[in-house]
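**Student:** Quick one: this structure, given as structure tokens, is what I'll be asking you about.
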């Protein structure tokens, strides 16, 4: 990734992470730490105020924004988007989140789109009613097979050919970029581009690796104009980080192991340029 010598804070990506609940405080935290390790300058972490202290106490690197309600409501969505400290280049939504009504999620998505923020939707944000709001946009969604069925009401299939066909068809139909997570990761965009990357290790079934991916993809998307490229790079780097963790601890890895390894796998691609942005 190129960084310019004369760049200032914010030039290298501002990411907003929205998620969490009284049960799942770790999901947005993992996504936020991943986005920071991926090189984003600023990461804002919006979570229900019931878990705000847990988030803040974990790391001084976290900028936590308290949301008034324990679940996502239209009111909390509107207040958040009106009071953001800075305009985020990309936002990732859904990790560990409880959505009160689909209208609340759609309102949040609409507000961020109108603000020019690129979107990465994961987990609880992958519900059928959000499709109308993200169709024909630059949105990236990151479902596993179960979430794919929930949002599209269609099984993804079992064979490699069926999986690729299902993902490419839905990406084309709804004009969005899809990352299907699983033993075979499939990335497809509306133009017909497709990439497949096999999972680097079955140790990645541990909880939280998808949250790490969501933050990683959002950080890349905050700096890369292409949804497809940000998605493919995110899967690639996430898999490499997991492979290093597997080599060190085998099937006993946890999601934070991936975050710790992100600098190791991304550093070979770092570049500092004297050119102006």
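**Student:** Residue 47 passes all but one of (1) without any contact (Cβ under 8 Å) to a residue 40 or more places away in the chain; (2) within 26 Å of residue 264 (Cβ to Cβ); which number fails?
**Tutor:** (2)
**Student:** Turning to a different aspect of this structure: Can residue 29 be described as touching a residue at least 24 places away in the same chain (Cβ under 8 Å), crowded, with 24+ Cβ neighbours inside 10 Å and not in a strand (DSSP E or B)?
**Tutor:** yes
**Student:** Being more than 19 Å from the chain's Cα centre (by Cα) and either farther than 19 Å from residue 109 by Cβ or assigned to a strand (DSSP E or B) (or both) narrows it down to one of 57, 34, so name that one.
**Tutor:** Of the residues listed, the single one that is more than 19 Å from the chain's Cα centre (by Cα) and either farther than 19 Å from residue 109 by Cβ or assigned to a strand (DSSP E or B) (or both) is 57.
**Student:** Give me the helices (runs of 4 or more DSSP H) completely within the range 203-277, filtered to those with at least 2 residues that are touching a helix residue (DSSP H, G or I) at 6+ places or on another chain (Cβ under 7 Å), crowded, with 22+ Cβ neighbours inside 10 Å and on the phi > 0 side of the Ramachandran plot, ordered by residue number.
**Tutor:** none
**Student:** Of all residues in the range 37-54, which are farther than 22 Å from residue 224 by Cβ and either surrounded by fewer than 16 Cβ atoms within 10 Å (Cβ to Cβ) or under 13 Å from the mean Cα position of the chain (by Cα) (or both)?
**Tutor:** Result: 49, 50, 53, 54.
**Student:** Here is a list of conditions, (1) assigned to a strand (DSSP E or B); (2) over 23 Å from residue 134 (Cα atoms); (3) touching a residue at least 40 places away in the same chain (Cβ under 8 Å), and residue 17 meets all of them except one; can you say which number that is?
**Tutor:** Just one mismatch for residue 17, condition (2).
**Student:** Here is a further query. Does at least one position in the range 191-211 carry a residue that is under 14 Å from residue 38 (Cβ atoms) and either at pLDDT 95 or above or more than 12 Å from the chain's Cα centre (by Cα) (or both)?
**Tutor:** yes
**Student:** Cβ-Cβ below 8 Å, separation at least six or inter-chain, first residue in the range 222-234 and without any contact (Cβ under 8 Å) to a residue 24 or more places away in the chain, second in a helix (DSSP H, G or I) and surrounded by fewer than 24 Cβ atoms within 10 Å (Cβ to Cβ): which pairs?
**Tutor:** Pairs found: 224/233.
**Student:** Within the range 65-84, can one find any residue that is under 30 Å from residue 242 (Cα atoms), modelled with pLDDT of 95 or more, touching a strand residue (DSSP E or B) at 6+ places or on another chain (Cβ under 6 Å) and surrounded by 24 or more Cβ atoms within 10 Å (Cβ to Cβ)?
**Tutor:** no
The values are calculated or read from the model by the stated rules, or taken from the named source; none is laboratory data. As the structure is a computational prediction, the values presented were derived from the model and not from experiment. So basically every Cβ, Gly included, is an ideal-geometry build from the backbone, and we count neighbours across all protein chains shown.
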